[in-house]
Protein chains: 2
Amino acid sequence: MSQLETLLKKYNLSVTEGRKKILQLFLDANAALEHATIEQNAPSLDRVTIYRTLQSFVEKGIIHTIPTTDSSIKYALCKDECGHGHHHDNHVHFLCNTCGTTFCIEQVTIPKIKLPAGFVSQQADLVVSGRCNLCNQN
Amino acid sequence: MSQLETLLKKYNLSVTEGRKKILQLFLDANAALEHATIEQNAPSLDRVTIYRTLQSFVEKGIIHTIPTTDSSIKYALCKDECGHGHHHDNHVHFLCNTCGTTFCIEQVTIPKIKLPAGFVSQQADLVVSGRCNLCNQN
DNA sequence: AATTAATTGCAACAAAGTTTTATTTTTTTG
DNA sequence: CAAAAAAATAAAACTTTGTTGCAATTAATT
Ligand SMILES: [Mn+2]
Ligand SMILES: [Mn+2]
Ligand SMILES: [Zn+2]
Ligand SMILES: [Zn+2]
């Protein structure tokens, strides 16, 4: 049984060509992907299938979403702590303004934020933008 | 000259009915607005006009965008420090999972984040979600 | 008041996302 | 392994969201 199949089974998803393909794209990419990118890299899959696959991957805790200001949604692989229904992605995300890549910065956790009275925090998303390490090497 | 006219002139925008109407909506709302909401509350304005107005308000520094995970864009009034081309909105945003409102939390600034070597930060967005002060009163 | 410049609304279009349904594929069961 | 059941897929139709070009209108300038 391949790594992909094992991973999908672990999350209680039936193993299909489309899911294996999309999961492989995430494993290969060291960065976040969006629907359009996946569509380009998996031309055999129907648009709708990609939407549904991303949705179930999020539900199962395989990938998580990353907020953006440009009405697109980015998705990246979760680490092991995430499971069905409960995400525990407490890390910073970095969007490079030069190459456009979005990275999970797993090493950096989001600091606790002290909110005004009455506000109760359940989750926090922190997206830093700037110039990434690769773009700064050139 | 009305408050609205003064404000628009200050930002070098010609004064039109549509812009006054939309600006008024932002002043009234103590929260972020999205395109669809404005469309509902200003039915006399063409969809396209609303898109263009939001765009020029952002350019002029009257409003700023707030990142979301749901492929929508939220907009909220800027404070005085923002001007043409340079936004200085360094505050936390709060999204209430109960009432759906998005607030600017001006009192809380985004902490400095120490990134891994090679990454250079230009901007940071922090969105906290949970239960807002109003929803916690009931 | 006349001229110029900017904004608006409309139409046409493009892109993004959803819903329904029949077909195909995967999983389960005997 | 084959049959039955369950789940996922593709295709089509549709809705929503966002963009572009252009003529008509409105606002600013002279
Ligand atoms: Mn991440
Ligand atoms: Mn704000
Ligand atoms: Zn980069
Ligand atoms: Zn609330």
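The numbers here are math on the coordinates, done by the rules we state, and not lab data. Values in this document were obtained by computation on a predicted structure and should not be read as measured data. All Cβ positions, even for glycine, are placed from backbone atoms using ideal geometry, and neighbour counts span all protein chains on display.
What pairs come out if I take residues in region A:107-126 that are closer than 10 Å to residue B:130 by Cβ and within 7 Å of chain B (Cβ to nearest Cβ) and pair them with residues that are not hydroxyl-bearing (Ser, Thr, Tyr) and not in a strand (DSSP E or B) whose C-beta lies under 7 Å away, six or more apart or interchain?
Listed by first residue and then by second, the contacts come to A:119/B:132; A:119/B:133; A:120/B:136; A:121/A:113; A:121/A:115; A:122/B:97; A:124/A:110; A:124/A:113.
Out of all the residues in region B:127-138, which are hydrophobic (A, V, I, L, M, F, W, C) and facing chain A (nearest Cβ under 7 Å)?
B:127, B:128, B:132 - these are the residues of region B:127-138 that are hydrophobic (A, V, I, L, M, F, W, C) and facing chain A (nearest Cβ under 7 Å).
Would you confirm whether or not region A:35-56 contains a residue that is out of contact with any Pro (no Cβ under 6 Å at 6 or more places or on another chain), away from ligand 3 (no atom under 16 Å from the Cβ), of a type outside the set (S, T, N, Q) and within 21 Å of residue B:116 (Cβ to Cβ)?
Scanning region A:35-56, I find no residue that is out of contact with any Pro (no Cβ under 6 Å at 6 or more places or on another chain), away from ligand 3 (no atom under 16 Å from the Cβ), of a type outside the set (S, T, N, Q) and within 21 Å of residue B:116 (Cβ to Cβ), so the answer is no.
Kindly evaluate residue B:56 against the criterion of being polar (S, T, N, Q), under 21 Å from residue B:11 (Cα atoms) and away from chain A (no Cβ under 14 Å).
yes
Among the residues of region A:92-106, write down those that are more than 8 Å from chain B (Cβ to nearest Cβ), not in a loop (DSSP other than H, G, I, E, B) and not aliphatic (A, V, I, L, M). Explain how you work it out, then say what you get.
In the first step, residues of region A:92-106 are kept if they are more than 8 Å from chain B (Cβ to nearest Cβ); the result is A:93, A:95-96, A:98-104, A:106.
With not in a loop (DSSP other than H, G, I, E, B) added as a condition, the list becomes A:93, A:95-96, A:102-104, A:106.
Matches in region A:92-106: A:93, A:96, A:102, A:103, A:104, A:106.
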